[in-house]
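Below is one structure, written out as structure tokens; comments come after it.
The values are calculated or read from the model by the stated rules, or taken from the named source; none is laboratory data. Quantities reported herein were computed from a predicted structural model and do not represent experimental measurements. Here the Cβ is made from the backbone with ideal geometry for all residues, glycine too, and neighbour counts use every protein chain on show.
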Amino acid sequence: MTDSEPAAAGRQRDRDVEAVGETARRVVESVEDVIVGHPGVIEHILTAMFAGGHVLLEDVPGVGKTMLSRSIAASFDSSFKRVQFTPDLLPADVTGASVYNQQTQAFEFRPGPIFANVVLGDEINRAPPKTQSALLEAMEEGQVTADGETHAVPQPFTVIATQNTVERDRTYDLPMAELDRFTKKLELGYPDEAEESAMLEQVVGDHPIEDLEPVATLEDLERAREVTANVTVEKPVRDYITRLSRYTREHADLGASPRASLLLLRAAQGRAVLEGRDYVIPDDVQTEIEVVFPHRIKTGFEDTGSTVLLEETLDAVAVE
């Protein structure tokens, strides 16, 4: 290897990171044409997608969870399917099932709505656990099993699930094993006065989602995932993530799992790319931990315990 080869490789990495960052900027601007006032949430979803992860949106009705998911899918020119989870929804309604073909006299697999690049699982906690679990295999392994046969879902593949935080009657809390599959849990919150006014101005006439044109391709997303996976994470940063996880285990009924550590690292890589870097710094970890860890931590204080513990963890664990 000549002296110029490492330098050339470094320049190529810089160009790759810059290209992914430009893709992210285009998508954020595109989605903001539809969803006003949530650039941080959009960025968090993008870093999860770049890391190959999935997102849980938990909020009150009517703040734009479904529209946000549709807008991101449309911005990437990707296929989009929505599954409305209800108490009578069956696993086969999500994954698909074999149907008898009279002409061929054979059973043929008819894919369910899980077979899309972006899948919105709306109000996932309204379906019973057996149906909720239909998402697990696809989220974890990129495939579903129906009637004893395995079928790969389209790639890239992202699940965005929603939960209604107001109505709890006749709902089924997601088990920790399923929550752990989601890279991040996010909240949109209400827009402020100016943002809500701008939203009302947007929807006079045709809804802006109808005019949304793709600003990136699935190939761009695949490239973003490849670049993100190769972002450098030095040992001091890896050790910092490990110490953060271990602190939560020592101070909670259920702390962050090794999977949580891995997903935090991946999310931090995505954040680094979004910030135009090919290496992770502690600030990336601190930004991402706020949405990667809380839904994985269980304390004796149901509503605020994980948030308080996370703040304590960040204060107690120093960057070395």
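Filtering segment 76-96 for residues that are assigned to a helix (DSSP H, G or I), under 19 Å from the mean Cα position of the chain (by Cα), under 30 Å from Leu218 (Cα atoms) and of a type in the set (Ser, Thr, Tyr) leaves an empty set.
In contact with a strand residue (DSSP E or B) (Cβ under 6 Å, 6 or more places away or on another chain) and either touching a residue at least 60 places away in the same chain (Cβ under 8 Å) or not charged (D, E, K, R) (or both): is that true of His295 in this structure? When the stated conditions are applied, His295 passes them. Would you call Gly62 modelled with pLDDT under 90 and either in the same structural domain as Pro294 (by TED's automatic domain parsing) or part of a loop (DSSP other than H, G, I, E, B) (or both)? In short, yes. Taking the stated definitions as given, is Ser75 more than 13 Å from Leu188 (Cβ to Cβ), touching a helix residue (DSSP H, G or I) at 6+ places or on another chain (Cβ under 7 Å), small (Gly, Ala, Ser) and in the same structural domain as Leu188 (by TED's automatic domain parsing)? In short, yes.
So that you can scan it fast, the table gives a plain yes or no per residue for (1) crowded, with 19+ Cβ neighbours inside 10 Å; (2) touching a residue at least 60 places away in the same chain (Cβ under 8 Å):
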| position | (1), (2) |
| --- | --- |
| Gly10 | no, no |
| Asp14 | no, yes |
| Val20 | yes, yes |
| Thr23 | yes, yes |
| His44 | yes, yes |
| Met67 | no, yes |
| Ser71 | yes, yes |
| Asp77 | no, yes |
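The single condition among (1) touching a residue at least 60 places away in the same chain (Cβ under 8 Å); (2) surrounded by fewer than 19 Cβ atoms within 10 Å (Cβ to Cβ) that Thr248 does not satisfy is (2).
Restricting attention to segment 113-166, the residues being free of Cβ contacts under 8 Å to residues at least 24 places away in the same chain and among the acidic types (Asp, Glu) number 2.
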